[in-house]
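Notes follow once the structure below has been shown.
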Amino acid sequence: MHKKALAVPYIVWMAIFVVAPLILVVIYAFTSKAGAFTLENFSGMLQYAGIFGNSFLLAFFATLICLVIGYPLAYVLARESATVRKIAMIFIMLPMWMNFLLRTYAWMSILEDTGLFNRLLSFLGLPTVHLINTNAAVVIGMVYNFLPFMILPIFSVIEKIDRSTIEAAQDLGANGMVVFRRVIFPLSLPGVLSGITMVFIPAVSTFVISKLLGGGMTWLLGDLIENQFLGNVYNPHLGSAISLVMMVIVMVCMAVMNRFGEGEEGAVVL
């Protein structure tokens, strides 16, 4: 009984700061301004279908780019010495020690028309490009901020792969490409799926990156929800409905990814 009592503060904390807000979101989503039950909040979301589509599209591209960059980097680091790994991890995690807002502001100065990137292009004699306040700038901001969340889980899984499994495949005549395709990649899929989930979810719901790097020209679901609670329209009922639908979509995606990872984990075909 004494041990169970130690969990009481945690349960109270969860009830106040997790369960209670979720209940309020559900209540607001299914009620009107007069407090009556309604489904109009959900039907009203149809006018924002374009924002839903744009959010998932940009999050998809950001996740894909993070995977293309993060997997090779994690694979190379997993094969390096312990000293190189420690140094690399410091450089990977170093930006995360800085405030998220400050990192995004820094990219504003890099990507603006007179920023560091265009100055470099001018110095090289190349034509400048307009990046700030575009979808490309938003994706760049997502990739920069969320890339460590792709690298770390993949690195953690690849690092723990038993070397004897790789040696066994090599003894059976498998070359480097075959070993990677039939041994390393299947065994690393749990890390890949975890990284995809950890990048896609914050990317699809972000609003700071789209507001600063998109300049208000690129609206994502996070911007839409914020506008319903803080904007001139102020409609917390619609905002709660959007939040609830988004929460369900994210949970479904996580369930699918976890189920797929359970089916693939440990599947090695030699």
| message | Looking at V25 and the list (1) touching a residue at least 40 places away in the same chain (Cβ under 8 Å); (2) under 28 Å from A136 (Cβ atoms), which single condition is not satisfied? | response | (2)
| query | Residues in the range 112-121: is at least one touching a residue at least 60 places away in the same chain (Cβ under 8 Å) and surrounded by 12 or more Cβ atoms within 10 Å (Cβ to Cβ)? | reply | no
| query | Just to be sure, is A88 without any contact (Cβ under 8 Å) to a residue 40 or more places away in the chain, in a helix (DSSP H, G or I), crowded, with 16+ Cβ neighbours inside 10 Å and of a type in the set (A, V, I, L, M)? | reply | yes
| task | Among the residues of the range 137-186, count how many are among the polar types (S, T, N, Q), assigned to a helix (DSSP H, G or I) and more than 25 Å from F60 (Cβ to Cβ). | result | 3
| query | Just to be sure, is A49 under 16 Å from V138 (Cβ atoms) and among the aliphatic types (A, V, I, L, M)? | reply | no
| task | Please work out which residue is modelled with the lowest pLDDT, limiting yourself to the range 214-254 and to residues that are closer than 19 Å to A136 by Cα and not aliphatic (A, V, I, L, M). | result | G216
| When you look at S55, is it in a helix (DSSP H, G or I) and more than 27 Å from the chain's Cα centre (by Cα), yes or no? | no
| What is the one condition in (1) touching a helix residue (DSSP H, G or I) at 6+ places or on another chain (Cβ under 9 Å); (2) more than 16 Å from G44 (Cβ to Cβ); (3) surrounded by fewer than 20 Cβ atoms within 10 Å (Cβ to Cβ); (4) of a type outside the set (S, T, N, Q) that V199 does not satisfy? | (3)
| Looking only at the range 209-255, which residues are more than 29 Å from G35 (Cβ to Cβ) and not in a helix (DSSP H, G or I)? | G214, G215, G216, M217, T218, W219, L220
| request: May I ask you to list the residues in the range 31-52 that are over 30 Å from the mean Cα position of the chain (by Cα) and assigned to a helix (DSSP H, G or I)? | output: E40
| query | Do any residues in the range 199-211 that are free of Cβ contacts under 8 Å to residues at least 40 places away in the same chain and of a type in the set (A, V, I, L, M, F, W, C) have Cβ atoms under 7 Å from those of residues that are in a helix (DSSP H, G or I) and buried (at least 18 other Cβ atoms within 10 Å of the Cβ), where the two are at least six apart or on different chains, and which pairs are they? | reply | F207/G222; F207/D223
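The values are calculated or read from the model by the stated rules, or taken from the named source; none is laboratory data. These numbers were taken from a predicted model, which means no experiment stands behind them. Here the Cβ is made from the backbone with ideal geometry for all residues, glycine too, and neighbour counts use every protein chain on show.
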